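The values are calculated or read from the model by the stated rules, or taken from the named source; none is laboratory data. From a predicted model like this one, the values you see are computed outputs, not experimental measurements. Cβ: placed from backbone, ideal geometry, glycine included. Neighbour counts: every protein chain shown. We work out accessible area using only protein heavy atoms, side chains counted, and drop any ligands, DNA or RNA first. Shrake-Rupley method; radii C 1.70, N 1.55, O 1.52, S 1.80 Å.
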Amino acid sequence: PLATRPPLNASSSRDADPTNLSGLRARVTHLLAPGAFGGLESVVASLAPAQVAAGHDVQVVGIFPEAPDGHPFWDSLRSSGVATRALVVPGRGYRAERRGVVEALAAHGSEILHTHGYRPDVVDASAARARGVATVSTVHGFTGGGWRNRLYEWMQRRAFRRFDAVVAVSERLRGELAASGVPLERLHTVRNAWQPVDPPLPRDRARAAMGLPASGPVVGWVGRLTGEKAPDIMLSALAHLPDGARLAFVGDGPMRRELEAAAAAAGWTDRVSWVGAVPGAGRLLRAFDAVAISSWTEGTPMVLLEAMAAGVPLVSTAVGGIPDVVSDAEAVLVPAGRPEALAEGLGRMLAGGSAVEQRVGAARSRLEREFALGPWVERYRVIYEGCLRP
């Protein structure tokens, strides 16, 4: 087996461990092909440092088409103190990629390869398994889309059948994976956790940072400008909001140009702001009077947890794992694909009042009660232990 060192044991420093874990300490490699920002990247950026603090020996291996100099996610992760290794794989160099992954596992003495995203799931996990390394994948959700992406996701679902453990970030996603043939005994549900990193900026500074007016109601939308996130539905909802309300899109993606054209055609140039991709966008959420999620499909979106932490009213489509995180007691949930319903919910939140304040307080309480970092790390430890048990 490639992993020749024995598992790390709990040491005498256990009592000082803030997560109060017991049992196995594992040598873990997280593997992903990261974008600049995103929910998957946010999960790895929170999980890896927390596992190091809990006593695991962790490295993160990133697959890049070119040297990741100035890459926002990678620079942030490296500054957190987690061991990192960048694999530069131009084009379709999958054989070189697999060799690089195996070398990284050997150099680290990894016992667990923890993958995130369809590329490492499909291309690299089997190479680790063939060398005696246990494989775990966290499934952050499926986006559908064009035939090429659907093909990748079909291959990914089939690959999951051979993993030692497959983690879904919501119960609904777990059901989808079971229906696609992943053995039930290898399936786990672990909802994403929230980790406070930097405190949110106050409203005036957050608005100034995004070039928004100092006064007046603003609805914030944060994410990739892609079909599954339905930014077009969000834009259509603007027609049903009060005349003085503005909409700010924080993020970038292939739909931006057509969305800008649609906003201009509707005469909304002065009502829509295109902020673009922003590192640490969660710090800016207090700029908004409400945060909207218009997606057709989701796992457990990190912006949902960030808005709960920032104390910003939430209106979201009731899709994927979102109803596992918030109910009508903490947010306004609406059907997907209904701009009028989205606008009606946002109008209620923009109106303010005691009902809005109660939802915001309930959301913050639920976040602190159910999505703490320690139990999240412990859940993964138990999953690792099950993979390594003889």
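Go through Pro213, Val303, Tyr384 and say which Cα lies farthest out towards the positive end of the charge dipole of the chain; charges sit on Cβ, +1 for Lys and Arg, -1 for Asp and Glu.
Value computed over the given set: Tyr384.
How about the range 191-294: which chymotrypsin sites (Phe, Trp or Tyr not before Pro) there are in a DSSP loop, with at most 16 other Cβ atoms within 10 Å of their Cβ?
Here the sparse-neighbourhood loop sites are Trp268.
How fast does the range 201-301 diffuse by Stokes-Einstein, in µm²/s, taking the Kirkwood radius from C-alpha pairs at 20 °C and 1.002 mPa s?
For these conditions, the coefficient is 157 µm²/s.
Please give the length that would be gained between Asn149 and Glu258 if that part of the chain were fully extended, namely 0.36 nm times their separation in residues minus their C-alpha to C-alpha distance (nm, one decimal).
37.2 nm
Find the eigenvalues of the gyration tensor of the Cα atoms of the range 170-253, then list the square roots of 5 times those eigenvalues as equivalent ellipsoid semi-axes, largest first, in whole angstrom.
Its equivalent ellipsoid spans semi-axes of 36, 19, 10 Å.
So if each residue of separation counts as 0.36 nm, and I subtract the Cα-Cα distance between Ser327 and Ser126, what length gain in nm does that give?
That pair, Ser327 and Ser126, stretches by 68.4 nm at full extension.
Could you size up the charge dipole of the chain around its Cα centre, putting +1 on the beta carbon of Lys and Arg and -1 on that of Asp and Glu, and report it in debye to the nearest 20?
For this selection, approximately 980 debye.
Can you compute the modelled spin-label distance between Glu378 and Ser80, with each label point 7 Å from Cα toward Cβ, in nm?
If labels sit at Glu378 and Ser80, their model points lie 2.1 nm apart.
Return P(r) of the chain (all Cα-Cα pairs; 10 Å bins starting at 0; whole %; ordered from short to long distances).
Binned Cα distances yield the sequence 5, 23, 32, 24, 13, 3, 0.
With unit charges on the beta carbon (Lys/Arg positive, Asp/Glu negative), name the residue among Ala277, Thr226, Pro120 whose Cα is farthest towards the positive pole of the charge dipole of the chain.
Pro120
Report the Cα centroid-to-centroid distance between the range 31-110 and the range 266-327 in angstrom, as an integer.
What the calculation gives is 27 Å, centre to centre.
Taking 0.36 nm per residue of separation and subtracting the Cα-Cα distance, what length does fully extending Glu368 through Tyr94 add?
Using 0.36 nm per residue and subtracting the Cα-Cα distance, I get 94.4 nm.
Report the FRET efficiency, 1/(1 + (r/R0)^6), for Arg338 and Phe64, where r is their Cβ-Cβ distance and R0 is 35 Å, rounded to 0.05.
The value I calculate is 0.35.
Ignoring ligands, DNA and RNA, what accessible area per residue does the chain give at 1.4 Å, in Å²?
On a per-residue basis, the chain sits at 43 Å².
Please work out the FRET efficiency for the pair Ala106 and Ser180, using the Cβ-Cβ distance as r and a Förster radius of 45 Å; give the result to the nearest 0.05.
0.90
Grab the other residues whose beta carbon is less than 11 angstrom from that of Gly251, score K and R as +1, D and E as -1, and report the net.
Result for the neighbourhood of Gly251: +2.
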